[in-house]
Amino acid sequence: MSLVLDSVSKEYPTRSGPLAVLRNVSLALDAGTAAAITGPSGSGKSTLLHVLGTLDRPTSGTVKLDGTDPFALGERDLAAFRNAKVGFVFQDHHLLPQCSVLENVLIPTLVSATTKPADTEAYARDLLARVGLGARLDHRPAELSGGERQRVAVARALVLKPALLLADEPTGNLDRTNAQSVGELLLKLHEQERNVLVVVTHSADLAKMFPRRLEMNDGTLHAA
Amino acid sequence: MLTFTKLVARSAAYHARGNVAVLLGVAVGSAVLTGALLVGDSLRGSLRARAELQLGGVEAAAFLPRPVRAELADALPNTIPVLLLPGSLQAAGSPATAARLGRVTVFGIDERYPPSLNMKGDWNSTSKQIVLSARVAEKLGAKAGDKVRLGVEKLGELPRSSSLAERDTDSSTVTDEFDVVTVLSADAPDGDFNFSPNPAAPLNVFVPLRSLARLATGRPNPVCTALLSYGTPTDELNATLRAKLKVEDYGIKFRDIDRKQGRGGYVSVESTELVFPPRTVEGIEAAARALNVRAEPTVVYVADTLAAGAKEIPFPIVAGLNTLAESPLSPIELGPQPAPPLPLGDDEVELLQWPDSELNNLAPGTKIRLVYFDPEIEGEGLKREALLTLRGYVPFKGAARDKDLTPEIPGVTDPRAELRNWNRPPVLPKAEIERRVPEKPKAHPRGTFFTQHKAVPMAYLNTATARKLFKSRYGTDTSVRVAPADGEALDKLIERLQAELPKHLDPKAAGLAFDPIRERLFTASKGGTDFGGLFLGFSLFLIVAALMLVGLMFRLALERRAKQIGLLLATGYSVRAVRRMLLAEGLAVAVIGALIGLAAGVAYNRLLLGVLLDLWPDSEVRTYLKPHASALTFALGFGLTLVMSLVALWFSVRGLVKVPPPALLRGETTIPGASAQGSSRRLRVFAPLALVGGAASIVAGGGIDNPDFRAMSFFGGGALLLTAALCFARIWMTRTRHRVTNGRGASALAQLGTRNAARNPGRSLLTAALIASAAFLLVAVESFRRQPDKEFLNEKGGSGGFNLLAESSSPLFQPFDTGLGRADLEKQLRKAFAPPAEGEVPETPDFQKAKADLNANLESAFALRLRGGDDASCANLFQASRPRVLGVPQALIDRGGFKFYITAAKTPEEKANPWLLLTKRDGDAIPVFCEQNTAQWMLKKGIGDDYTLPGDDGRDVTFRIVGTLVDSPFQSELICSEAHFTQTFPKQAGFRAFLVRTKPGAEGDVARLLEIGFRASGFAATPTREKVASYQAVIGAYLSTFQLLGGFGLLLGVLGLAVVILRGVWERLGELALMRAMGYRTRALQFLVLIENALLLALGLGSGVLCAAVSVAPHVASGADVPFARLAALLGLVLTAGFVVAFAATAGILRVPVIPALRRE
């Protein structure tokens, strides 16, 4: 499993002409690699993450995940690819308030073509136990703390065993203790699952926990 | 275990508050749709129930052209005889002041009548008892025990238009006093017994059949004019009827002319109505051929004069026949004949050579002037002349003395009849007879001849010439003389003819056929106008508005969940899966909403019916128009609502799932930049096209003759203009460069507010479009509301210059504006104003005043012919399949007048007087006019279209619409020329409709005097303004109901506006809070929001009003008086309501504390 970006650029049209957000970004990460990307606001971190997660299409360059160029896929296949290969953790947990903790973790499985419901539920329970919420399965998001909600979001991101786990400021809304806990959790689960983990963060503390650190600056990516 | 379905259900429940708005929107759509369909159900169901009620179980009915023996009914299965006559009633007291009632339906019944009537007395007798329906009793102010005077047409044997018939009121009508034995209860079904799909409630009275027969015919023999059948198929009835009909039922009688002179007798087959229709003559001839006997059609006519120079014979009888027919059918069999005998040529005459004849001894070839009366005399009569050539003389002996050539005519051919006693004005007035055939000092030879030889003809023509000269619409031949076979006795021949003749007669052509009346009424009960379709059409806007609101609400609810949608997409849900999930949730909500809507639809239907009935001018409708429902309607309402909701939901979801997931995750719900600009580019092309197309459609519409296409062209043009206006608004909203908002105070705030309206172009335009559509409907509908205008009473106005339109139950045979008719009217008035006394009726002061008033105020009157039928006006909820037909006299055609909507006039003469079109027959089609509303809505026809009705002989006749009138009192009939009318409906005698012009303000007095004068004929006059206003009130009832729908639509539009404003404020709460933190006052912020609201309101109202104004342009151009003040008030109300709602919607939210709002930001 590998993630390879080759000369990826991203521009947005504005009234004053195209605005370059990513400039010839190249990156290669093998399975089991965990990388943290830092950088100032507006440097293009989140955009890069969205491109990695196939949520946003690069203006030029290629992205290959395990040898596949996801942007060559049609809309339906791309969605299936993302469902199977990519997991997301956002700064805002985006849990569905109408669903329980377990149900929130199971949300991605509803559209998975390859998994069996019984297996995924067992795995979801296992994941929730591993993130320390085994006793809170039936709780609603409103009944959880901020850290707990983010742990649910991490479990949700991993429920389909993605090859690529992307986290966008996963600790941005958390206090230091919870941020530390979530960072450790991400890394622990990453080691257990042997996926590619990319975290975008402003937090130097979080970034330090990662073996590989990169810095984004004005649309370009460098080793930190 | 979480499943897709569970997730959908959970989401639907969790977002219940947001979904409630969607649910309510769907419920409104469902209620409106189902309710509109239920209005159709209600109309059909109510009319069907009414049809059932008014038929009283009758399945088929035969309405006979003349009285037929009542015992015929006994030969038919489940059939009863009724002597059904139109009549009039007067309450007891002086005729001048007593209550009168016309258009009464008189049922002459006997004990065969179903026992639903609470009948007392002996109905098989000739007792003068009468049962009144509650309606009649109420209108007449009569109760059981009272006496009332019943008037009906006198059923004579001679057509009233024949020269020997009597035509004045006393001769053509008959009245008598009856005792009211019972007044039926208001809910008695007999009170509604009626066979026509007409809106007017029947005015039924019941009298014993024999007593009515004696009143109408002078004889108590039970006869009937209607056969009512209960439960036997019409085909079977008609087959049985055909088999059971006797020759006499066709109006045929036999006389055995057992001649003493000549070579034996013959059988004279004669009509009880003086002349035979041509088809009957053909039947008799066919029967004679089948019996192998000879038959000769014969025409006998009473003429005015036969003259050669100064010599003349007054009042001669002229016969047309085959003079060469073999004995015993020739009158000249014994006369000198050339060898070989020559038949009489056309326009040749042979005169009877009788001793005192003035015309004896003329040389063959002498020109003989024949003066004769126009065969159809209604009114003053007309003398015609023909110049004949004398062929020779018939000796006055043998067969030439045959007085029986002339058919039996009471008072003319009786043994004791005298010429001087004939008194048949206008053609044979007694004074004129006495002047021309004096008895003193020396008896005139013509009088002496008549006394001695009765109706022996004095001149003979060939049959063709006689038919040409004496042809009438009823027919011409007065008899068919049949010679017996050798040695056959005449009574045997009669027996054979009686057996054979029915085989050669067509009962249907003779009007002796059953009509599947139940089936006809049930067909008519489907409604003249498809109420379901009509209300659905006008509710469509409301439904679309509700669905737009559904889409808007759903979209707003989804926008609040944008992050969730983004997450689902990010998690790997395909767009399709997300869409499916959201639609499934929406559908679940829609199902519940649609179900609630079904129940609400029932209430909505009741509301619409209630409003319609409250506004409907005829309160009678309230007695039977009730809510009805069918399962199919509910299924349709539910299914269609779901489908339409799904479409609305799909549109609202479609755009949202196209937004990239990162944008959704950021809470953004629109695609900025490129796509909007692309859409704007497309609009820049489309908007001018729509503008040009709209303008072109309107300009082109002005040149289209067909009113429907023209209206469509104008409406389409208006709609395109509206679309263009909204497109331009959208372009403005989405354009990237706006003027920099700068400055201070209210104007700067107004600029900012205007910019805010463009913040969400989709939402803003949707709201504006809702308001625009509602405004369009309100204005367009209001513009169609009408009242008789200022020009109404002008000759070129809606009334044609006539301020009274009258109808009589029994026909009048003499127009009453001048001459004999006027004299008859004065005679009747003199009787009405005189105290009851025997002998000469004195001229009382009251009469003299009445006469003076009449002379001073009655300016002109036209008598019209009327063939009864279904009321085709908008007041009739039934479908009029056989509309009434009016025949207008040539004098009215020449006069012209009235207001036309459109005509087929081509020549300058026709354009100056479109009535000339009625005289031009195009092929078989008879040209007719009708009211525009009647053509468009009831008959579903336009100019040049054909409409088929059965003529008097049962054959279909085609009428072609060559013009439509506006605001005329003729909304319930087709109008053709009198000439075409009499050809098509020869059995309709006399005049039953009248256009009257009086001095302004005197119409009430004139109407009263005419009603008193013609009380026995059931004369009733209505001011044309009142009549037209009543039709316009019906249209007004529809319009008000449709405006109610527009009002509901506007309510939805204003609600939508409130939602959009609220949503916009909510989204900008942080921004507004920041402004407050910066020192803005709450009032200033509210002003900002209200400006945004005002812009949308102005855009909606402005474009809607403009579009409506354009689309109703043709209507306004036709002279409609648009109620501008009322419209302005209505739109002002809408504007105020919009502001009030916006004010209320924003007042609370703007008071949210600043810090929490800023924190949310």
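Can you run down the residue pairs with Cβ atoms below 9 Å, 6 or more apart or on separate chains, where the first is in the range B:355-366 and under 24 Å from B:Gln452 (Cα atoms) and the partner is of a type in the set (Ser, Thr, Tyr) and assigned to a loop (DSSP other than H, G, I, E, B)?
Final answer for the pair search is B:Leu359/B:Thr366.
Any residue in the range B:1052-1067 that is surrounded by 19 or more Cβ atoms within 10 Å (Cβ to Cβ) sitting within a Cβ distance under 6 Å of a residue that is of a type in the set (Ser, Thr, Tyr)? List the pairs, counting only those 6 or more apart or interchain.
These pairs meet every condition: B:Gly1056/B:Thr767; B:Leu1057/B:Thr767; B:Val1060/B:Thr767; B:Val1065/B:Thr1146.
When both residues are 6+ apart or on different chains and their Cβ atoms are under 7 Å apart, which pairs have a first residue that lies in the range B:605-623 and is under 14 Å from B:Phe535 (Cα atoms) and modelled with pLDDT of 85 or more, and a second that is part of a loop (DSSP other than H, G, I, E, B) and of a type in the set (A, V, I, L, M, F, W, C)?
B:Leu609/B:Leu625
Looking at B:Glu859, B:Glu843, B:Glu826, which is the one that is modelled with pLDDT under 90 and over 30 Å from B:Ser619 (Cβ atoms)? Break it down stepwise before answering.
Working: B:Glu859 fails: modelled with pLDDT under 90; B:Glu826 fails: modelled with pLDDT under 90.
Going through B:Glu859, B:Glu843, B:Glu826 in turn, just one is modelled with pLDDT under 90 and over 30 Å from B:Ser619 (Cβ atoms): B:Glu843.
Restricting attention to the range B:948-960, report how many residues are over 21 Å from B:Pro197 (Cβ atoms) and either in a helix (DSSP H, G or I) or touching a strand residue (DSSP E or B) at 6+ places or on another chain (Cβ under 9 Å) (or both). Explain how you work it out, then say what you get.
We begin by selecting, within the range B:948-960, every residue over 21 Å from B:Pro197 (Cβ atoms); these are B:953, B:955, B:958, B:960.
Then drop every residue that is not either in a helix (DSSP H, G or I) or touching a strand residue (DSSP E or B) at 6+ places or on another chain (Cβ under 9 Å) (or both), which leaves B:958, B:960.
Qualifying residue count, the range B:948-960: 2.
Restricting the search to the range B:467-488, which residues are of a type in the set (Asp, Glu) and at pLDDT 90 or above? Please lay out each step first, then the result.
First pass over the range B:467-488, keeping only residues of a type in the set (Asp, Glu): B:477, B:486, B:488.
Hit for the range B:467-488 is B:Asp477, nothing else.
How many residues are part of a loop (DSSP other than H, G, I, E, B) and more than 13 Å from A:Leu160 (Cβ to Cβ) when one looks only at the range A:109-132?
Going residue by residue through the range A:109-132, those that are part of a loop (DSSP other than H, G, I, E, B) are A:112-116, A:131-132.
From what is left, the residues that are more than 13 Å from A:Leu160 (Cβ to Cβ) are A:131-132.
Selection size over the range A:109-132: 2.
Residues being buried (at least 23 other Cβ atoms within 10 Å of the Cβ) and modelled with pLDDT of 85 or more: count how many of those fall in the range A:84-100.
5
Which condition number in (1) under 31 Å from the mean Cα position of the chain (by Cα); (2) buried (at least 23 other Cβ atoms within 10 Å of the Cβ) is the one that B:Pro507 fails?
Going through the list (1) under 31 Å from the mean Cα position of the chain (by Cα); (2) buried (at least 23 other Cβ atoms within 10 Å of the Cβ), B:Pro507 breaks only (2).
Collect the residues in the range B:490-504 that are over 44 Å from the mean Cα position of the chain (by Cα), in contact (Cβ under 8 Å) with a residue 60 or more places away in the chain and surrounded by fewer than 16 Cβ atoms within 10 Å (Cβ to Cβ), keeping them in residue-number order.
B:Asp491
Test of understanding: among B:Ala286, B:Ala308, which residue is more than 28 Å from B:Pro410 (Cβ to Cβ), of a type in the set (A, V, I, L, M, F, W, C) and within 45 Å of the chain's Cα centre (by Cα)? Full working, then the answer.
Values: B:Ala308 fails: within 45 Å of the chain's Cα centre (by Cα).
After applying the criteria, what remains is B:Ala286.
Looking at the range B:12-62, which of its residues are within 14 Å of chain A (Cβ to nearest Cβ) and surrounded by 22 or more Cβ atoms within 10 Å (Cβ to Cβ)? I'd like the intermediate steps shown before the answer.
To start, the set of residues in the range B:12-62 that are within 14 Å of chain A (Cβ to nearest Cβ) comprises B:12-19.
The answer is B:Asn19, and nothing else.
Could you say whether any residue in the range B:469-489 is of a type in the set (Phe, Trp, Tyr), closer than 29 Å to B:Phe396 by Cβ and crowded, with 22+ Cβ neighbours inside 10 Å? Before you say what the answer is, go through the steps one by one.
We begin by selecting, within the range B:469-489, every residue of a type in the set (Phe, Trp, Tyr); these are B:470, B:474.
Then keep just the ones that are closer than 29 Å to B:Phe396 by Cβ; that gives B:470.
Now restrict to residues that are crowded, with 22+ Cβ neighbours inside 10 Å: B:470.
The answer is yes; a qualifying residue exists.
Looking at (1) assigned to a helix (DSSP H, G or I); (2) touching a helix residue (DSSP H, G or I) at 6+ places or on another chain (Cβ under 7 Å); (3) away from chain A (no Cβ under 14 Å), can you tell me which one B:Val68 breaks?
Result: B:Val68 fails condition (1) only.
Those residues that are surrounded by 13 or more Cβ atoms within 10 Å (Cβ to Cβ), within 11 Å of chain B (Cβ to nearest Cβ) and not β-branched (Val, Ile, Thr), I need them from the range A:101-140; list them, please.
Across the range A:101-140, the qualifying residues are A:Leu102, A:Glu103, A:Asn104, A:Leu106, A:Pro108, A:Leu110, A:Ser112, A:Pro117, A:Glu121, A:Ala124, A:Arg140.
Yes or no: B:Leu552 modelled with pLDDT under 90, in a helix (DSSP H, G or I) and away from every other protein chain (no Cβ under 14 Å)?
On the way: modelled with pLDDT under 90: yes; in a helix (DSSP H, G or I): yes; away from every other protein chain (no Cβ under 14 Å): yes.
Yes.
Being outside the structural domain of B:Lys154 (by TED's automatic domain parsing) and touching a residue at least 40 places away in the same chain (Cβ under 8 Å) narrows it down to one of B:Ala310, B:Ala287, so name that one. Spell out how you get there, then give the answer.
Values: B:Ala310 fails: touching a residue at least 40 places away in the same chain (Cβ under 8 Å).
None of the other options fit; the residue is B:Ala287.
Could you grab me the full set of residues in the range B:989-1015 that are assigned to a loop (DSSP other than H, G, I, E, B) and buried (at least 23 other Cβ atoms within 10 Å of the Cβ)?
The initial filter retains those residues of the range B:989-1015 that are assigned to a loop (DSSP other than H, G, I, E, B), namely B:989-990, B:999-1002, B:1014.
The answer is B:Ala989, B:Phe1014.
For B:Thr79, indicate whether it is modelled with pLDDT of 85 or more, more than 22 Å from B:Pro199 (Cα to Cα) and assigned by TED's automatic domain parsing to the domain that holds B:Ala629. I'd like the intermediate steps shown before the answer.
Numbers: modelled with pLDDT of 85 or more: yes; more than 22 Å from B:Pro199 (Cα to Cα): yes; assigned by TED's automatic domain parsing to the domain that holds B:Ala629: no.
Here the answer is no, as B:Thr79 does not meet what is asked.
Restricting to the range B:622-672, and then to whatever is aromatic (Phe, Trp, Tyr) and within 20 Å of B:Val602 (Cα to Cα), can you tell me which residue is nearest to the other protein chains (Cβ to nearest Cβ)?
Our first condition is that a residue be aromatic (Phe, Trp, Tyr); within the range B:622-672, this holds for B:624, B:634, B:638, B:650-651.
Pick out the ones that are also within 20 Å of B:Val602 (Cα to Cα) and you get B:624, B:634, B:638.
Working: B:Tyr624: 53, B:Phe634: 33, B:Phe638: 28 Å.
Applying the filter and picking the extreme gives B:Phe638.
Each row is one residue, and each column tells you yes or no for (1) closer than 30 Å to B:Tyr250 by Cα; (2) more than 28 Å from the chain's Cα centre (by Cα).
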site: B:Arg135; (1), (2): no, no
site: B:Ser162; (1), (2): yes, yes
site: B:Ala165; (1), (2): yes, yes
site: B:Ser172; (1), (2): yes, yes
site: B:Thr182; (1), (2): no, yes
site: B:Ala186; (1), (2): no, no
site: B:Phe195; (1), (2): yes, no
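Can B:Asn238 be described as over 30 Å from B:Lys397 (Cα atoms), in a helix (DSSP H, G or I) and out of contact with any Cys (no Cβ under 7 Å at 6 or more places or on another chain)?
Values: over 30 Å from B:Lys397 (Cα atoms): yes; in a helix (DSSP H, G or I): yes; out of contact with any Cys (no Cβ under 7 Å at 6 or more places or on another chain): yes.
In short, yes.
Which one of these does B:Val152 not meet: (1) of a type in the set (A, V, I, L, M); (2) buried (at least 19 other Cβ atoms within 10 Å of the Cβ); (3) over 13 Å from B:Val104 (Cα atoms)?
(3)
Would you list the strands (runs of 3 or more DSSP E) that sit entirely within the range A:148-224 and hold 3 or more residues that are touching a residue at least 60 places away in the same chain (Cβ under 8 Å)? Working first, answer last.
Values: elements: A:164-168, A:196-200, A:212-217, A:220-223.
Passing ranges, in order: A:164-168, A:196-200, A:212-217.
Go through (1) surrounded by fewer than 19 Cβ atoms within 10 Å (Cβ to Cβ); (2) outside any helix (DSSP H, G or I) for B:Leu1044 and report which single condition fails.
Only one criterion is unmet by B:Leu1044, namely (2).
Can you name the residue in the range B:437-467 that is in contact (Cβ under 8 Å) with a residue 12 or more places away in the chain and charged (D, E, K, R) and is also surrounded by the most Cβ atoms within 10 Å (Cβ to Cβ) among such residues?
Kept after step one, since they are in contact (Cβ under 8 Å) with a residue 12 or more places away in the chain, are these residues of the range B:437-467: B:437, B:439, B:444-451, B:453-467.
This time we only want the ones that are charged (D, E, K, R), so: B:439, B:446, B:454, B:467.
On the way: B:Glu439: 13, B:Arg446: 21, B:Lys454: 18, B:Arg467: 17.
Filtering the range B:437-467 for residues that are in contact (Cβ under 8 Å) with a residue 12 or more places away in the chain and charged (D, E, K, R), the one surrounded by the most Cβ atoms within 10 Å (Cβ to Cβ) comes out as B:Arg446.
The values are calculated or read from the model by the stated rules, or taken from the named source; none is laboratory data. Computed from a prediction, not measured in an experiment: that's the story for all the values here. A quick note on method: Cβ atoms are made from the backbone with ideal geometry, for glycine too, and the neighbour counts reach across all protein chains shown.
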